[in-house]
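To start, the structure under review is shown below, and the notes come after it.
The values are calculated or read from the model by the stated rules, or taken from the named source; none is laboratory data. These numbers come from a predicted model, not from an experiment. Neighbour counts run over all protein chains shown; Cβ positions are idealised from the backbone, glycine included. Ligands, DNA and RNA are excluded from the accessible area calculation, which covers all protein heavy atoms including side chains. Shrake-Rupley method; radii C 1.70, N 1.55, O 1.52, S 1.80 Å.
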Amino acid sequence: QVHLVESGGGLVQPGGSLRLSCAASGSIFSIYTMGWDRLAPGKQRELVARITNGGSTNYADSVKDRFTISRDNGKNTVYLQMNSLKPEDTAVYYCRLFTISGDYWGQGTQVIVSS
């Protein structure tokens, strides 16, 4: 059973930064691709960033050059560094683990970008 727990969300002013963390249970974390989704009111869920077990990354155009995804396999943790935040980044952010049998998500952490 996979268990993902996000942390690090909160209220930040436009232009500010936040760092999200996702701790995963299990010793097989290192073999999986991890990612971060977000869901904003009235919008579809969006995959904003993804990192493979080898460290290759992909980003949605909306966050490219502002967000950075990274992982620490020794700590079973994936991070999302978010810089130059905009009001349109306001959403619930979910950690995501990709497997061939299906994906897993955490409970989400709220990010609000507002002055």
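Spot the failing condition for GLY35; the list is (1) surrounded by 14 or more Cβ atoms within 10 Å (Cβ to Cβ); (2) over 13 Å from the mean Cα position of the chain (by Cα); (3) of a type outside the set (Ser, Thr, Tyr), and only one is missed.
Evaluating GLY35 over (1) surrounded by 14 or more Cβ atoms within 10 Å (Cβ to Cβ); (2) over 13 Å from the mean Cα position of the chain (by Cα); (3) of a type outside the set (Ser, Thr, Tyr) leaves (2) as the failure.
When residues of region 33-59 are filtered for being among the hydrophobic types (A, V, I, L, M, F, W, C), in a strand (DSSP E or B) and touching a Ser or Thr at 6+ places or on another chain (Cβ under 9 Å), how many remain?
So the count comes out to 4.
Which is modelled with pLDDT of 95 or more and small (Gly, Ala, Ser), of GLY54, GLY8, GLY26, GLY42?
Step by step, each of GLY54, GLY8, GLY26, GLY42 is checked, and only GLY8 is modelled with pLDDT of 95 or more and small (Gly, Ala, Ser).
Does TYR59 qualify as being open to solvent by 20 Å² or more (accessible area, probe 1.4 Å) and either closer than 26 Å to SER115 by Cβ or small (Gly, Ala, Ser) (or both)?
yes
Does region 1-18 hold any residues that are open to solvent by 30 Å² or more (accessible area, probe 1.4 Å) and assigned to a loop (DSSP other than H, G, I, E, B), and which are they?
GLN1, VAL2, HIS3, GLY8, GLY9, GLN13, PRO14, GLY15, SER17
Any residue that is within 16 Å of THR109 (Cβ to Cβ) and over 12 Å from the mean Cα position of the chain (by Cα) - is there at least one of those in region 62-85?
yes
Of these, SER21, SER101, SER62, SER30, which one is on the phi < 0 side of the Ramachandran plot and either in contact with a strand residue (DSSP E or B) (Cβ under 6 Å, 6 or more places away or on another chain) or part of a strand (DSSP E or B) (or both)?
Within the list SER21, SER101, SER62, SER30, the selection yields SER21.
Scan region 71-99 and report the pairs whose first residue is closer than 16 Å to GLY8 by Cα and whose second residue is among the acidic types (Asp, Glu) and part of a helix (DSSP H, G or I), with Cβ atoms within less than 7 Å and a gap of 6+ or a chain change.
Every condition considered, the pairs that remain are MET82/ASP89.
Any idea which residue in region 72-81 is most open to solvent (accessible area, probe 1.4 Å), counting only those that are part of a strand (DSSP E or B) and at pLDDT below 95?
For region 72-81, the residue satisfying everything is ASP72.
Only one of these is open to solvent by 50 Å² or more (accessible area, probe 1.4 Å), touching a helix residue (DSSP H, G or I) at 6+ places or on another chain (Cβ under 9 Å) and more than 16 Å from GLU46 (Cα to Cα): SER84, SER115. Name it.
None of the other options fit; the residue is SER115.
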